[in-house]
Amino acid sequence: MTSILEKRLSLHKDLAVQQQLNNALKSQITQLQTLANVGTTTYMVAHEINNLLTPLGSFAQLALKHPDDKALIEKALQKAVRNCEQASKIMESMLAVADGETQDKKSVPLMTLVQEVFACLCRDFAKDGITVNIEIAKDLNVWGVPVQIQQVLMNLILNARDAMLSHGGVLTIKAHDTDAAVQIEIADTGCGIDRADLEKIFEPFFTTKNDKNSPSRRSGAGLGLVFCKRIIDEHGGCISVESKPTEGTTFKVTLPKPS
Ligand SMILES: Nc1ncnc2c1ncn2[C@@H]1O[C@H](COP(=O)(O)OP(=O)(O)OP(=O)(O)O)[C@@H](O)[C@H]1O
Ligand SMILES: [Mg+2]
């Protein structure tokens, strides 16, 4: 009888020790998750700021080479001001996310967001033989955090441009309204994505842009699409892709309307 009671007591003690260990592990996991979030946010800030600094630097260098070209100098300064503003909006938004704040979503004209993204980009697409078609109704609004939707648009547009840099092509951005959501399509007629790669493109650090033998190609971090997916998921939407090697690629982003 005593021995059964002793055994029970000892089992209870063991259980208490295991529970303590379990709690300690849970709190370690929470700490590690916080650290992982800080890491992702840091990568995201660096990646997005780099997208904005590259065109700013290129324009400034060009302006320095042509000190008598007043129009060019003005364009470089405008780009510097605009891209710095956009960079600080992105920083603010990400610091708020890192602090656990919920970002205010609002209804914004999609066309304005697209135009602002193009204004932040490097050189004219036409100079690389790329025609841009934008088919978006002026009164079509999307619901979301404006600067985050612009990050998605910018990454998809930069990928489309990279895919067409060698031969030129057509970039088409369209959008249409349904009862529950707005669907945005970003299509290019570029190199396309190999079937085997298609399922990897949303994985962190997957990139095909590290071709050291072809220095004319921009090297990639393999993070742009990861961030696009993360932002779209946070908006309750979805992102999908269709692609044919050598023919082109279409990304579809669906952004739900507020219920
Ligand atoms: N429009 C596209 N056409 C062809 N390939 C694409 C396109 N969009 C994405 N990809 C493929 O998906 C990969 C991952 O894209 P992602 O934007 O995540 O990273 P990246 O462009 O390589 O680097 P970065 O982090 O600078 O954006 C690309 O390297 C490319 O192989
Ligand atoms: Mg990219």
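Nothing in this text is a laboratory measurement; each read-out follows from the coordinates by a stated rule. Computed from a predicted model, the values in this text were never measured in an experiment. Counting neighbours? That spans all protein chains shown, and the Cβs are built from the backbone with ideal geometry, glycine included.
Observations on the structure shown:
- For the range 105-259, the relative contact order works out to 24 percent when only alpha carbon pairs closer than 8 Å and six or more residues apart are counted.
- Rounded to the nearest 500, the helix-only mean residue ellipticity at 222 nm of the chain stands at -18500 deg cm²/dmol, with each DSSP H run of n ≥ 4 adding -39,500 (n - 2.57).
- Inter-part distance where the range 23-44 and the range 168-186 are each reduced to a Cα centre, Å: 36 Å
- Unit charges on C-beta of K, R, D, E only; dipole of the range 105-259, Debye: 360 debye
- Rel. contact order, % - alpha carbon contacts under 8 angstrom, at least six apart, the range 50-183: 25 percent
- For the range 96-147, alpha-carbon Rg relative to the globular expectation (2.2 N^0.38 Å, N residues): 1.49
- Projecting the Cα atoms of Ile29, Val182, Asn133 onto the charge dipole of the chain (Cβ charges, centred on the Cα centre) puts Ile29 farthest toward the positive pole.
- Sequence ranges 131-144, 158-171, ranked by mean other-Cβ count within 10 angstrom, highest first: 158-171, 131-144
- About the Cα centre, charge dipole magnitude for the range 112-167 (Lys/Arg +1, Asp/Glu -1 at Cβ), debye: 80 debye
- Based on Cα contacts under 8 Å between residues 6+ apart, the chain shows a relative contact order of 15 percent.
- Taking N as its residue count, the alpha carbon Rg of the range 105-259 over 2.2 N^0.38 Å: 1.02
- Viscosity 0.692 mPa s, temperature 37 °C, Stokes-Einstein D of the chain from Kirkwood C-alpha radius, µm²/s: 156 µm²/s
- Projecting the Cα atoms of Gly192, Pro245, Leu225 onto the dipole axis of the range 105-259, where Lys and Arg carry +1 and Asp and Glu carry -1 at the beta carbon, places Leu225 farthest toward the positive end.
- Test item: Cα-centred dipole of the chain, Lys/Arg +1 and Asp/Glu -1 on Cβ, debye: 460 debye
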